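First up is the structure itself, then whatever we jot down about it.
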Amino acid sequence: MIDIHIPASLEYDTANASRLATAIKNMRSFEEITEWNNKATAEVKVMHTILSKIEEKQQKVTSILSEEQQEHEAKAFFFKLFGYRKEQKQWLVEQSRLAREKAHIESLIEQFESVIHFTPNSPDELKELIEECKKQKIELLTEKKAVNAQISSIRADARQQTANTNYGNYGKGDRRRIRLNKESALRPAESQKTAIKRQVTELDQIITWLERFN
């Protein structure tokens, strides 16, 4: 959460956002937080304005592509077959670019808003935030233990099933099926475990950052 990723953009001047992303790591007082929040909130409004402009451009490109498609369909078969639609390809490239730009700006807005929501404005709010983060971390670690137990159970079941198969080529197909079933069952649990680890790491970073204000 504290590490704000600033993507390159042709639609939005990210200089101010980059300065704010650097400043968040160096804050030490509630006064600095208040000042940062005000600047960040204003910058988020700028991002929303840029987002609206991108959406307008997207609508324009969609309209142009629709018109070109209609014109193309109206042409004779020979021209449709051999006609080189260079402009349409260029507009399709622009459409993809605008979609990426929009996704990047939306991600940036989400990152800034997340930091704004986690910046304490008083000692009482700081204490509440730290306690809330630590409580959530405990809940995640408890969930992680349950997932680890599930993973161990799946592997143990697979080992037992494998032990019960015939040796040699006679049991080869059964062992292969058991392994495939095991991997299929493990996949969602392993993904959940990875997600929990990531969330715990993020919470540790937030807690460390918050505790500097004590």
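Here are a few things to note about the model shown:
- Ratio of Rg to Rh for the chain: 1.19 [Cα atoms; Kirkwood radius as inverse mean 1/r over pairs].
- Average projected area [Cα convex hull, region 122-214], square nanometres: 6.7
- Spatial extent of region 1-119: Rg and Dmax, with the Cα atoms as the point set, Å: 20.5, 72
- Residues of region 200-214 with amide N under 18 Å of a point placed 7 Å along Cα→Cβ from Ser122: 213-214
- Farthest toward the positive end of the dipole of the chain, out of Ala42, Pro120, Thr201, is the Cα of Thr201, where the dipole comes from beta carbon charges about the Cα centre.
- Rounded to the nearest 20 debye, the dipole size of the chain about its Cα centre is 1640 debye, using +1 on the Cβ of Lys and Arg and -1 on the Cβ of Asp and Glu.
- The relative contact order of region 122-214, computed from alpha carbon pairs under 8 Å that lie at least 6 residues apart in sequence, is 49 percent.
- Cross-link pairs beyond the 20 Å C-alpha cut-off, checked among Lys25/Lys102; Lys39/Lys127; Lys57/Lys102: Lys25/Lys102; Lys39/Lys127
- Length-normalised contact order for the chain - Cα pairs under 8 Å, 6+ apart - percent: 29
Throughout, read-outs are computed from the coordinates displayed, never taken from laboratory work. The structure displayed is predicted, hence computed values, not measured ones. Glycine gets a Cβ as well: all are built from the backbone with ideal geometry, and neighbour counts include every protein chain shown.
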